[in-house]
Structures are given as structure tokens and as C-alpha cells.
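Visitor: Take a look at the following structure, please.
The values are calculated or read from the model by the stated rules, or taken from the named source; none is laboratory data. On a predicted model such as this, the values are computed, not experimentally measured, just so you know. We place every Cβ from the backbone using ideal geometry, glycine too, and count neighbours over all the protein chains shown.
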Amino acid sequence: MTTTTTAPTARPRGSGWHGFGRLLTTETKVWMRDFASPFFGIVFPTIILLGVGYFIPGMREPITDAPPDSVWFGLTPIATFLPTVLAMAVGTASLTVMPVTIATYREKGVLRRLSTTPMRPQGIVASHLIINMVTTLVGIALALVVAEVAFGVPVPAQLGVVLLATALGLSAMFALGMMVAAVAPRPSSANAIAMSLYFPMLLLAGLWTPGPIMPDLLRDIGQFTPLGAAAQALTTGWFESGFPTLQMIVMAVWTAVLLPLAVKMFRWS
Amino acid sequence: MAQPIVEVRNLRKTYGDKVAVDDVSFAVQPGEIFGILGPNGAGKTTSVETLAGLRHADGGTVRVLGIDPQRHPEQVREHLGVQLQEAALHDKITVGEALRLFAGFYSRPADPDELLALLDLTEHADKQFGRLSGGQKQRLSIALALVGNPRVAILDELTTGLDPQARRSTWDLVERVRATGVTILLVTHFMDEAERLCDRLVVIDAGRVVAEGSPAALIDRLDDDRTVVVRFGTDDAARAREALDRLAADHPDVSRVEELDGGRGEIAVSGTPRVLFALVPALAEADLVPDDVRTVTRTLEDVFLAVTGRTYAPQEEAESALVAEGARS
């Protein structure tokens, strides 16, 4: 068809991402008006850390019943709990906050509404990935500061391993969160799926039996889950020597499988 | 005629073995308020969603500003404002934030403050979406459809759920928007709304266009049947019925006399456009003084009845279930 008179004059700038900066800042502002979302993502892991440290007897007494040549000797139990708290921080916003937000936007038609504007609906998903990623990092930072100030937790033995384990844990858990967001038809089902994954994962990450006191069976199962692998890799990096190869691969595989699958299965309306 | 700004030809869309849109064609001229009218589930929303590039048709062609929205949705979106059926914003975003947010998506947006004024929303700019009334939500939704300075705006069921006063002020608003040069595609299941606002319209039923034209032309095109309704007190009712039956038998301009339901003693007298001339002398001769006389105004509902053979019932359960199913697939 030759319709030069009615054709638009120019392609919009940035083709589909024009206004993303404002979208991100507006989404952040609006998201922070929901008290619960920032609270859980940022403060919850630290509250657990403080609660366990101060209310469970003996958590701050150095371990003396381990063999004197083991890495655990002389550490406080609350220090061995830190990798679990960090894994929890990695898993909270990604799994319990982000999927519910996205499912709500889908149910309310926000994603569809956005599809009628030059902004791609991917923009709003990207905004919430960024928002929850930043929330998680702030939550991790807060837990680290509190761990240091309140409990004098030692610095990591292998900083590189700790950073890599954190990065892979983030990617695996956000991939899992995106998968839940992709398939959950409603916010309530997103919440139900997220919770039924979150608590078993916390168990396997050592919330009730951290680091050295985890039963072998739990450890064997946990190393194949994203959060269990993250906690184990963090424990190795923080206190032990050697490279947690299996755990790193497990997290990488979860990411590599879940992320493309989530993108493929994602429903916009 | 000018090049149509929106053109739909032989549009067809099925969900599985269910046909949502069978065969729909229409063309909208620049500057018009063009209506798509029909009962729920007739295929209206599916048609406009295809126009907006949200769905792929199974057959037919669609052009907006000469562009195929299914192949180049990004080129259409800059110039097509869409107000979808249900409100779609976070409850905690404010009116002003939402408008500025959406303005940011377009390369030449309208001034958000001017739009707020046009839609009487200035005083609510800091109110959160979840706290707005139905009418305010609807006005914001229209503002968001207009914030990109579109050349065409689709308004889908914009007065559903509004009280009569809010409906009337929304209608005024649509006319104000058209006055700014925007072509408007109005999707509605309200006959009175279409009659009041549309320059031209198509009536869609079961996925097909069953009538097309201006509301007045469609009504004029109905056959020349006219009806006058008279009401008598209980004393005269029987005698009146008798006299009118006789009139129907004798007079060439009177074809039918029937008592209306409702037990209020109303009698409908139908015939040619001259039926009134026949009725009045007959009543005078028998000295029957009606308590009330009214002529029945014909509306688009009569047009719908004439073209489909069914009384207009906007909520047709089976068909709205079909649309719900379509939305899920």
C-alpha cells in the first residue's frame, strides 16, 4: 500500500524502551508505598539473624566441642549461620515478592495495557528485576553489617568464592522467581507456589540446621537445590578451603534451564 | 472520500473451534466518532484488540494509518491511543504519576497538565488510583489513551459501571476530545450511547456486521411502521379495545392493535405513518378520552431487532463466556 500521507513521520526513539528511566523510578516509588515488599526483601533476613543470635542460647559462645584442628573450632554458631542468612536474603525478594508483583500486574491488565503503548511490557518486568535485585543486595549488605557489628563474624576465607556463589545464587533464584511469575495465573497462586518452594528451600539452606550441624541427608538433597547449593558454597567460601564445584554447577544449571524456560512460557495476559 | 484512517476488511478470528469474529469490515474516516455496537461477546473487543496489535487475526486485513498493526505494532502504537475495558494501574500510583509515566513512552506526548484540566482531574492529581471513583478512573483511563497525542483513540466500553450523571459527562468529554481533532473508535454495548455520540457505526452480532451507517439513517431505513400507545381508565378500557379493534379491521392505515403487558391498560396501535390521523377521529367519535397518549420513538434497538430478528439483550451469557475463553488463550 502506498500511504505516504498517513504514515508516521519517524520511528520512535529507542524503539520500545523510550521512557524506561521514568518507568523504573515510578515503579520504585509506587512499590515502596507497599510496606511489606521492601520490608521482607531488606530487613527480614537481618531480623532472623538477630533473633537467632540473641534468643537462642549459646549461639554466641565459641564452639569448643569440634576437633581443635577443624575450621569450626573457636567460631561462634551464629557465624556459621551467616551463609544461611545470606542465602535467605538471596531467596526472599526473588521468590516471595517479585513473582506476586508480576502476577498482579498481569491479572490487573497492566502488562496488556502497556502493550498498547510504545513501551514494551518487558520494561515493567525488567524494572521489577532491577528493583528486587537492588533490594536483595541492600538486604545482604545490611545482614553483613549487622553480623560484623553485633556478632563479630570473621571475614571470608575465600572472597572470590563468596562473590561467585552470591552471584550464581542470585541468578538461580531470580530465574526461579521469573519461572513462578511466568506460569502463575493469579497473584494468589504465585504466592502459593512461591511459599511452597520458599520454606522447603530455607530448610535445605540450613535455616534450622546451619553449616556444620546439618544432617548429611539434608545436605545431600540441599546441594541440588538453588538455595541449598548457595548456602553450602557460601559456607565453603567463608570458612573452609577448596572450591565448591558441584554447588556452583548446580546453581549455573538451574539458571540455564529456568531462565529460557521462563522467557518462553511467560504470559502477558 | 478521504483515505480511511482505520480500515478493517473481512476480519476473522477463531479460538479453537469457536468463532469470535466471523467476517467484519468497516472503514473509519479522519475526524469521525465511529461506533462498534453490539451485545457482549459479539466480537467487538476482539476486533479492536486486533487493531491495537494485541491479537493476530486468522484472516482478513487491518490497517491503521495505512500500517498493518499485526506486522508493525511499534509503528502504530505511537499514534493509536487505547483505553481498554478494565482499568489497569497499580492501586498506589497517583493520577499525576501515571500520566507523566505514560507521557514518557511517546516521542511527542501531550502536556499532562493540560490533559488533567481537559478531563477535570487537576484537583485529583495527587490521589492514588485505588482511591478514585469509577468515573474518575474512567477519565484517567481516557487521559492515558490521549497522552501520546494519538491520531486515533479506541475507547472500549467507557461508560460501563458509571452512574447516569457520570455517563453524560463522559459523553460530553468524548465530544470535546473529538473537537481537538482525534478520530475516535467507540466500542459499546449501549444503544443510547452509540445513538448519542456516533457519526457512523457498525452493528456487530455473532461476529458479523449486520448493519452500517449513521444512527439516523439506520433508523430511517426501518420499515415505515409507526406505533402510538394510548392508555384508558378501567371504565373505558373494554369499550376502547372494542372501538380500536374495529378501527384496525376497517381502516387501511391501522394494521395492529395489541394490549401491552404490565397491566396498566396500555394499548398499542400500529400502522402506517398516518396511523395517528386515523386514531384521533376514531377516539373523538366514540368520545373515548385517553388518560395518556405517547408515540413510540424508534431507536437502534429496533434496528437490531429488524436485522437480527432478536430483541437486543446486551448480556448474552454464552457468548461472553467465549470471549473470556479467548482472553485466556
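Visitor: Looking at B:V64, B:V48, B:V24, B:V28, which is the one that is more than 14 Å from chain A (Cβ to nearest Cβ) and touching a residue at least 12 places away in the same chain (Cβ under 8 Å)?
Guide: Details: B:V64 fails: more than 14 Å from chain A (Cβ to nearest Cβ); B:V48 fails: more than 14 Å from chain A (Cβ to nearest Cβ); B:V28 fails: more than 14 Å from chain A (Cβ to nearest Cβ).
Of the residues listed, the single one that is more than 14 Å from chain A (Cβ to nearest Cβ) and touching a residue at least 12 places away in the same chain (Cβ under 8 Å) is B:V24.
Visitor: For the range B:68-76, state whether one or more residues are more than 7 Å from chain A (Cβ to nearest Cβ), surrounded by fewer than 22 Cβ atoms within 10 Å (Cβ to Cβ) and touching a strand residue (DSSP E or B) at 6+ places or on another chain (Cβ under 6 Å).
Guide: Filtering the range B:68-76 for residues more than 7 Å from chain A (Cβ to nearest Cβ) gives B:68-73, B:76.
Narrowing the set further to residues that are surrounded by fewer than 22 Cβ atoms within 10 Å (Cβ to Cβ) leaves B:68, B:70-73.
This time we only want the ones that are touching a strand residue (DSSP E or B) at 6+ places or on another chain (Cβ under 6 Å), so: none.
No, the range B:68-76 has no match at all.
Visitor: So for the range B:102-115 (the condition being in contact with a Ser or Thr (Cβ under 7 Å, 6 or more places away or on another chain) and either more than 8 Å from chain A (Cβ to nearest Cβ) or aliphatic (A, V, I, L, M) (or both)), does at least one residue qualify? Don't jump to the end; show me each part of the working.
Guide: To start, the set of residues in the range B:102-115 that are in contact with a Ser or Thr (Cβ under 7 Å, 6 or more places away or on another chain) comprises B:102, B:105.
Adding the requirement that they be either more than 8 Å from chain A (Cβ to nearest Cβ) or aliphatic (A, V, I, L, M) (or both) leaves none.
No; the residues of the range B:102-115 include none that is in contact with a Ser or Thr (Cβ under 7 Å, 6 or more places away or on another chain) and either more than 8 Å from chain A (Cβ to nearest Cβ) or aliphatic (A, V, I, L, M) (or both).
Visitor: With the requirement that a residue be surrounded by 21 or more Cβ atoms within 10 Å (Cβ to Cβ) and not hydrophobic (A, V, I, L, M, F, W, C), what does the range B:77-91 give you?
Guide: B:R77, B:E78, B:H79, B:G81, B:Q83, B:H90
Visitor: Can you tell me which residues in the range B:119-149 are in a loop (DSSP other than H, G, I, E, B) and either within 14 Å of chain A (Cβ to nearest Cβ) or charged (D, E, K, R) (or both)?
Guide: Result: B:D120, B:D126, B:K127, B:V147, B:G148, B:N149.
Residue-by-condition table, conditions (1) more than 28 Å from A:P212 (Cβ to Cβ); (2) within 11 Å of chain B (Cβ to nearest Cβ); (3) of a type outside the set (A, V, I, L, M, F, W, C); (4) surrounded by fewer than 17 Cβ atoms within 10 Å (Cβ to Cβ):
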residue: A:K29; (1), (2), (3), (4): yes, yes, yes, yes
residue: A:S70; (1), (2), (3), (4): no, no, yes, yes
residue: A:F81; (1), (2), (3), (4): no, no, no, no
residue: A:T101; (1), (2), (3), (4): yes, yes, yes, no
residue: A:S115; (1), (2), (3), (4): yes, yes, yes, no
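Visitor: Continuing with the same structure: For the range B:84-97, which positions are modelled with pLDDT of 90 or more and more than 8 Å from chain A (Cβ to nearest Cβ)?
Guide: Residues of the range B:84-97 that are modelled with pLDDT of 90 or more, as a first pass: B:89-97.
Once the filter is applied, which keeps residues that are modelled with pLDDT of 90 or more and more than 8 Å from chain A (Cβ to nearest Cβ), the range B:84-97 yields B:D91, B:T94, B:V95, B:G96.
Visitor: If you take the residues in the range A:43-53 that are touching a residue at least 40 places away in the same chain (Cβ under 8 Å) and not in a loop (DSSP other than H, G, I, E, B), which one is surrounded by the fewest Cβ atoms within 10 Å (Cβ to Cβ)? Can you show your working first?
Guide: Step one: filter the range A:43-53 for residues touching a residue at least 40 places away in the same chain (Cβ under 8 Å), giving A:43-46, A:48-50, A:53.
When the remaining residues are screened for being not in a loop (DSSP other than H, G, I, E, B), the result is A:44-46, A:48-50, A:53.
Working: A:F44: 19, A:P45: 26, A:T46: 22, A:I48: 19, A:L49: 26, A:L50: 17, A:G53: 22.
Among residues in the range A:43-53 that are touching a residue at least 40 places away in the same chain (Cβ under 8 Å) and not in a loop (DSSP other than H, G, I, E, B), the one surrounded by the fewest Cβ atoms within 10 Å (Cβ to Cβ) is A:L50.
Visitor: How many residues are in contact with a Leu (Cβ under 7 Å, 6 or more places away or on another chain) and either on the phi < 0 side of the Ramachandran plot or not assigned by TED's automatic domain parsing to the domain that holds B:F190 (or both) when one looks only at the range B:37-58?
Guide: The number of residues fulfilling the criteria is 6.
Condition check ((1) over 18 Å from the mean Cα position of the chain (by Cα); (2) over 30 Å from A:Y105 (Cα atoms)) across all residues:
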position	(1), (2)
A:A231	no, yes
A:L234	no, yes
A:W238	yes, yes
A:S241	yes, yes
A:L246	yes, yes
A:A252	no, no
A:A256	no, no
A:F266	yes, no
A:S269	yes, no
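Visitor: Another one. Out of (1) under 15 Å from B:L80 (Cβ atoms); (2) surrounded by fewer than 16 Cβ atoms within 10 Å (Cβ to Cβ); (3) not basic (K, R), what's the single condition that is false for B:A2?
Guide: (1)
Visitor: Outside any helix (DSSP H, G or I), out of contact with any Gly (no Cβ under 8 Å at 6 or more places or on another chain), at pLDDT 85 or above and among the charged types (D, E, K, R): is that true of B:R298 in this structure?
Guide: Details: outside any helix (DSSP H, G or I): yes; out of contact with any Gly (no Cβ under 8 Å at 6 or more places or on another chain): yes; at pLDDT 85 or above: no; among the charged types (D, E, K, R): yes.
Spelling it out, it is not the case that B:R298 is outside any helix (DSSP H, G or I), out of contact with any Gly (no Cβ under 8 Å at 6 or more places or on another chain), at pLDDT 85 or above and among the charged types (D, E, K, R).
Visitor: Something else: Name, by its number, the condition in (1) among the aromatic types (F, W, Y); (2) without any contact (Cβ under 8 Å) to a residue 12 or more places away in the chain; (3) away from chain B (no Cβ under 14 Å) that does not hold for A:F40.
Guide: Failed condition: (2).
Visitor: I've got another one for you. Checking A:Q122 against (1) within 14 Å of chain B (Cβ to nearest Cβ); (2) of a type outside the set (A, V, I, L, M, F, W, C); (3) surrounded by 21 or more Cβ atoms within 10 Å (Cβ to Cβ): exactly one of these is not met. Which one?
Guide: The number of the failed condition is (3).
Visitor: Continuing with this model, one more query. Grab the helices (runs of 4 or more DSSP H) fully contained in the range A:65-160, keeping just those with 2 or more residues being under 19 Å from the mean Cα position of the chain (by Cα) and free of Cβ contacts under 8 Å to residues at least 24 places away in the same chain. First the steps, then the outcome.
Guide: On the way: elements: A:77-92, A:98-107, A:110-115, A:122-151.
Ranges flagged: A:122-151.
Visitor: Which members of the range B:191-225 meet the condition of being surrounded by fewer than 17 Cβ atoms within 10 Å (Cβ to Cβ), more than 19 Å from B:G43 (Cα to Cα) and not polar (S, T, N, Q)?
Guide: B:D192, B:R196, B:D199, B:A216, B:A217, B:D220, B:R221, B:L222, B:D223, B:D224, B:D225, listed by residue number.
Visitor: Then there is this: State all residues of the range B:176-187 that are modelled with pLDDT of 90 or more, buried (at least 18 other Cβ atoms within 10 Å of the Cβ) and more than 11 Å from B:E32 (Cβ to Cβ); if no residue qualifies, say none.
Guide: The answer is B:V187, and nothing else.
Visitor: Based on what the data block shows, is B:L116 at pLDDT 90 or above, part of a helix (DSSP H, G or I), buried (at least 23 other Cβ atoms within 10 Å of the Cβ) and not assigned by TED's automatic domain parsing to the domain that holds B:K13? If you could, list the steps in order and put the result at the bottom.
Guide: Details: at pLDDT 90 or above: yes; part of a helix (DSSP H, G or I): yes; buried (at least 23 other Cβ atoms within 10 Å of the Cβ): no; not assigned by TED's automatic domain parsing to the domain that holds B:K13: yes.
No: the conditions fail for B:L116.
Visitor: Okay, moving on. Only residues that are part of a loop (DSSP other than H, G, I, E, B) and either touching a strand residue (DSSP E or B) at 6+ places or on another chain (Cβ under 8 Å) or at positive phi (or both): list them for the range B:167-189, please.
Guide: At the first step, the residues of the range B:167-189 found to be part of a loop (DSSP other than H, G, I, E, B) are B:180-182, B:189.
Of everything in the range B:167-189, those that are part of a loop (DSSP other than H, G, I, E, B) and either touching a strand residue (DSSP E or B) at 6+ places or on another chain (Cβ under 8 Å) or at positive phi (or both) turn out to be B:G181, B:V182, B:H189.
Visitor: Is it true that A:S189 is part of a helix (DSSP H, G or I), surrounded by fewer than 22 Cβ atoms within 10 Å (Cβ to Cβ) and touching a residue at least 24 places away in the same chain (Cβ under 8 Å)? Talk me through it step by step, then tell me what you get.
Guide: Details: part of a helix (DSSP H, G or I): yes; surrounded by fewer than 22 Cβ atoms within 10 Å (Cβ to Cβ): yes; touching a residue at least 24 places away in the same chain (Cβ under 8 Å): yes.
In short, yes.
Visitor: Now for a different question. Test B:T159 against the stated conditions and say whether it is among the hydroxyl-bearing types (S, T, Y) and under 23 Å from B:L132 (Cα atoms). Break it down stepwise before answering.
Guide: On the way: among the hydroxyl-bearing types (S, T, Y): yes; under 23 Å from B:L132 (Cα atoms): yes.
Answer is yes for this residue.
Visitor: Within the range B:156-167, can one find any residue that is within 11 Å of chain A (Cβ to nearest Cβ) and either in contact with a helix residue (DSSP H, G or I) (Cβ under 6 Å, 6 or more places away or on another chain) or surrounded by 21 or more Cβ atoms within 10 Å (Cβ to Cβ) (or both)?
Guide: yes
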